Amino acid sequence: MPAEGATLELTRSIGGSRDAVWRAWTDPAELNLWWWPARLQTTYVIDARPGGAYRFKTADIPDMGVLDLSGKFLQVDRPEHLSYTFRWNNDTDGETRVDVRFRELTGDQTEVRLRHEGFPDDGERDNHITGWNDCLDRLEARFRDPPE
């Protein structure tokens, strides 16, 4: 993983308890409710423990192909902090690192602070800013409009 490179940082306030937001981030059934759109038919496999792995892989989507993301958990401090590697399995740029912190706020709100580092250039970072914002928009909606 590159020690240097472009970094992104995003913060969102999510309308759910810290435990619920943690589960949304670490439970495959919960991830299926928000990470990528349902139309992508994603399989989520996750072992959220230090040294554990995860893999998110979509069906083969016309005009898009397969999105295939995986990594290893470096640090898991439930329900406060996740740190993991991040690699697009069809990408030659290598892996980056994600740190997510969950801070309990008043009124059943949780602050999610995301830092993603080690991008080879600003363009790759900017692509991921767009992707992370899309994911976080769906996470906010998942708690605003819970499934029946």
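The simple Förster model, with R0 at 30 Å and r as the Cβ-Cβ distance, assigns Asp126 and Asp77 a FRET efficiency of 0.50.
Label positions at Trp88 and Asp145, each projected 7 Å from the Cα along the C-beta direction, are separated by 2.8 nm. Computed over the chain with a Gaussian network model linking Cα atoms closer than 10 Å, the most mobile of Arg87, Arg39, Arg23 is Arg39. Whole-Hz Karplus values for region 123-136 come out as x, 5, 4, 5, 4, 6, 4, 4, x, 5, 4, 4, 4, 5 Hz, taken residue by residue from phi with 6.51 cos²θ - 1.76 cosθ + 1.60 and θ = phi - 60°; glycine and proline positions read x. Quick one: compute the contact order of the chain, relative version, from alpha carbon pairs under 8 angstrom and 6+ residues apart, as a percent. After rounding, I find 31 percent.
The length gained on full extension between Cys135 and Ser17, counted as 0.36 nm times the residue separation minus their Cα-Cα distance, comes to 40.6 nm. Compared with the direct C-alpha span, the chain from Arg115 to Val45 gains 23.0 nm at full extension, assuming 0.36 nm per residue. Taking max minus min of the alpha-carbon positions on each principal axis, region 1-126 gives extents of 42, 35, 27 Å, largest first. Considering only Asp126, Asp134, Asp63, the mean-square fluctuation computed in a Gaussian network model of the chain, springs between alpha carbons under 10 angstrom, is largest for Asp63. Computed about its Cα centre, the charge dipole of region 6-144 is approximately 480 debye, with only Lys, Arg, Asp and Glu carrying charge at their Cβ.
With contributions of -39500 (n - 2.57) from each DSSP H run of at least four residues, the per-residue ellipticity at 222 nm computed over the chain stands at -7500 deg cm²/dmol.
Bear in mind these aren't lab numbers, they're just calculated from the coordinates by the rules spelled out. Keep in mind that what you see is a predicted model, and the values were worked out from it rather than measured. No Cβ is skipped: glycine too gets one built from the backbone with ideal geometry, and neighbour counts run over all protein chains shown.
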